[in-house]
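Down below is the structure, laid out as structure tokens.
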Amino acid sequence: MANKPESAQTTLQRGKACLRCRKRKMRCDGTKPACQQCVRAKKGEGCEYDDGKGKTRTQLLREHIARLEARIRELEDPDYVSPAVVFSSGDLSLYTSHSPLSFPSDSSPASPNTSWTSLQPSTSPSSTQFLPEIDFDDQQTRFQPPLELARMLLNIFSPHRHQCGLDIHMGRVLDSLTMYPKEQRHPALMNTMYLWACFISRPEPLSQHEEHYLGLALDALREGLRDGEKIVDIIQGSCLLSMYFLVNGRILEGSYHATVAAALAVQCGLHINTYQDEVWPSNPQEQYDLKPSRTGVKEGERILAFWQVYNLDRCWSVILRKPCIIPDGPDPRQSINCPWPQDWAEYEAGHINVVPPFQTIRGFMGGEVSSSGFSAQAMRVKSSALFARADQLSSVWEPRMSQSSLNMMLYDTLTTGAKGSSMLLQQTQELERTILEFITTLTPLDQLEALAVDDKHTLLVTHTLAHTALVQLYRPLAQDDPIVFDRCARSARACVAIIKHISDLDYKYLDPIVGPCWSYVADTLIIELETQGATWNVVETDVRNQITTLLYAMTTLGLHLPIVAIAVAKVQKRLSGL
């Protein structure tokens, strides 16, 4: 007995065990510098004691996070005074000015007619030292930050989730942080949310870690595709990655991940109503954890994930001039009959749309009305469908017939009311009526302030997409036909009128798709300005005021979204030549 260590002869006092044994509730012998439990687990170097004689790495990390939170609050609220904190020399880098946004100069070449695919990317900030080295124990994965840091990042991201198209129950996401790994959300989704939190924080120091979380998100996405688990999370993460690349002007990467998300959604049947008996064949879908759940929240997440992909696919395919990925044809196997998205309160209460399956988008285009299709999310989806359809029809005009013949048919129909013989013309007129009727069902702009903040931002984008769809519909013929151009100009002015209902605080929460929409509107107004002096007797000052309002909105949004800042430079370049 005399040869045994003294620490083993008596019971170790409470609070004297090493941090690792205390966390795992294992018996610790208190031996220093490393107890036997840590030595046997080959964790001797990580054996630490909280004996009051010095701060552990965990304590230092927590203090560091507290300082970051205080600094973020100071920057957001100039009147806030944080408690005094003593900083070491290594912390001085926290106050180093760093702006990752690359704003183009007025001399940037290109006209508003240039495709968005030609925009130059904005470089993401480099991954510099910001947080201290973090040693994860064997209960953490390499994708998972410390709990306090994860919560801080999610709290930063949460108010912006609708901005990047994600409609998710953040309470459940936060709760999952303390669950067993198998019950947590997939790292591909989590790290894209952390990535967006860093991006939103630009130009503050937290943004320096974008590359870190971008790398983790890409690695987690590859592993998720290989394993085929939590596929809804994988799809949502792919959408967030796509939006991150797109808003930074990294067009090819953004387009790639949008395509991946849409292809996965179709492959896994997200576009299909899960209440159909034949939806889930035994092969090959069995390998995916996607079998329909009658639980409201789980089914709601599945439905909302599909519409997130749909909005991304339809809207940005127009901007990037590429085909849509998600099919929606007359064939039931290739049509969308996923129920319309509802509010989270409906899903939490278990109120899921269980009406017999119908073709959701095609039914809406054909005049069908669904009682569940009037939520803010559903109206946003409908505007995406109208926007994409308008672009599709306008792109068919020139290849199908000469412009002069179509102009004459269109003029005769608009002035006399006669039915045109062209199926294309009929489809165009039907779509115009559908868009105009849809606009009348939207909450009026002067009533948006009475809505929840998220619904207000969603409906601002919905109004903008609907009016831009009208601009797109007749844009190929607008310069040659005064009647058609007048319709375009009225829709463009309607988009400018929407801006007057956007407060300065709203800009940092707006969906990035409004940037390209405003670019289309600016193009129309500039054409009107160019035409006035030659042929039209219209007050030039009014048009210039409209353009000034539009440029203010684009410049303000460009402070948060680099891709819009690039578009502003193109508009200014064109205006300078007038």
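The values are calculated or read from the model by the stated rules, or taken from the named source; none is laboratory data. Keep in mind the model is a prediction, meaning the values are calculated, not measured. Virtual Cβ from ideal backbone geometry, glycine too; neighbours counted across all protein chains shown. Heavy atoms of the whole protein, side chains included, go into the accessibility calculation; ligands, DNA and RNA do not. Shrake-Rupley method; radii C 1.70, N 1.55, O 1.52, S 1.80 Å.
Brief remarks follow.
- Matching residues, the range 527-563, being at pLDDT 90 or above, within 19 Å of Gln472 (Cα to Cα) and among the β-branched types (Val, Ile, Thr): Ile547
- Within the range 238-266, residues that are crowded, with 24+ Cβ neighbours inside 10 Å reach partners that are charged (D, E, K, R) and at pLDDT 95 or above with beta carbons closer than 6 Å, at six or more positions or on different chains, in the pairs Ala262/Asp313.
- Output for the range 439-461, where each listed residue is among the aliphatic types (A, V, I, L, M), open to solvent by 40 Å² or more (accessible area, probe 1.4 Å) and not in a helix (DSSP H, G or I): Leu451, Ala452
- Some residue of the range 371-380 being surrounded by fewer than 19 Cβ atoms within 10 Å (Cβ to Cβ), out of contact with any Pro (no Cβ under 7 Å at 6 or more places or on another chain) and either at pLDDT 85 or above or of a type in the set (Asp, Glu) (or both): yes
- Taken as a whole, the structure places Leu510 among residues that are under 22 Å from Leu246 (Cα atoms) and touching a helix residue (DSSP H, G or I) at 6+ places or on another chain (Cβ under 9 Å).
- One residue alone among Asp481, Asp542 is over 28 Å from the mean Cα position of the chain (by Cα), among the acidic types (Asp, Glu) and crowded, with 18+ Cβ neighbours inside 10 Å, and that residue is Asp481.
- Flag for Asp227 being in contact with a helix residue (DSSP H, G or I) (Cβ under 9 Å, 6 or more places away or on another chain) and within 28 Å of Ile326 (Cβ to Cβ): no
Condition check ((1) within 29 Å of Glu45 (Cα to Cα); (2) under 15 Å from the mean Cα position of the chain (by Cα)) across all residues:
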{"residue": "Arg161", "(1), (2)": "no, yes"}
{"residue": "Tyr180", "(1), (2)": "yes, no"}
{"residue": "Arg185", "(1), (2)": "no, no"}
{"residue": "Met193", "(1), (2)": "no, yes"}
{"residue": "Arg226", "(1), (2)": "no, no"}
{"residue": "Gly237", "(1), (2)": "no, yes"}
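- Those residues of the range 490-531 which are open to solvent by 20 Å² or more (accessible area, probe 1.4 Å), part of a helix (DSSP H, G or I) and closer than 16 Å to Gln163 by Cβ, in sequence order: Lys508, Tyr509
- Residue among Arg333, Arg389, Arg362, Arg314 that alone is surrounded by 24 or more Cβ atoms within 10 Å (Cβ to Cβ), part of a helix (DSSP H, G or I) and of a type in the set (D, E, K, R): Arg314
- Residue that is least open to solvent (accessible area, probe 1.4 Å), among those in the range 159-218 that are of a type in the set (Lys, Arg) and touching a residue at least 60 places away in the same chain (Cβ under 8 Å): Arg202
- Hey, Gly30 open to solvent by less than 40 Å² (accessible area, probe 1.4 Å), modelled with pLDDT under 85, touching a helix residue (DSSP H, G or I) at 6+ places or on another chain (Cβ under 6 Å) and farther than 30 Å from Met152 by Cα or not: no
- Helices (runs of 4 or more DSSP H) fully within the range 140-229 counting 1 or more residues that are under 27 Å from Tyr347 (Cα atoms) and among the hydroxyl-bearing types (Ser, Thr, Tyr): 170-176, 187-200
- Within the range 299-310, tally of residues that are in contact (Cβ under 8 Å) with a residue 60 or more places away in the chain and surrounded by fewer than 24 Cβ atoms within 10 Å (Cβ to Cβ): 3
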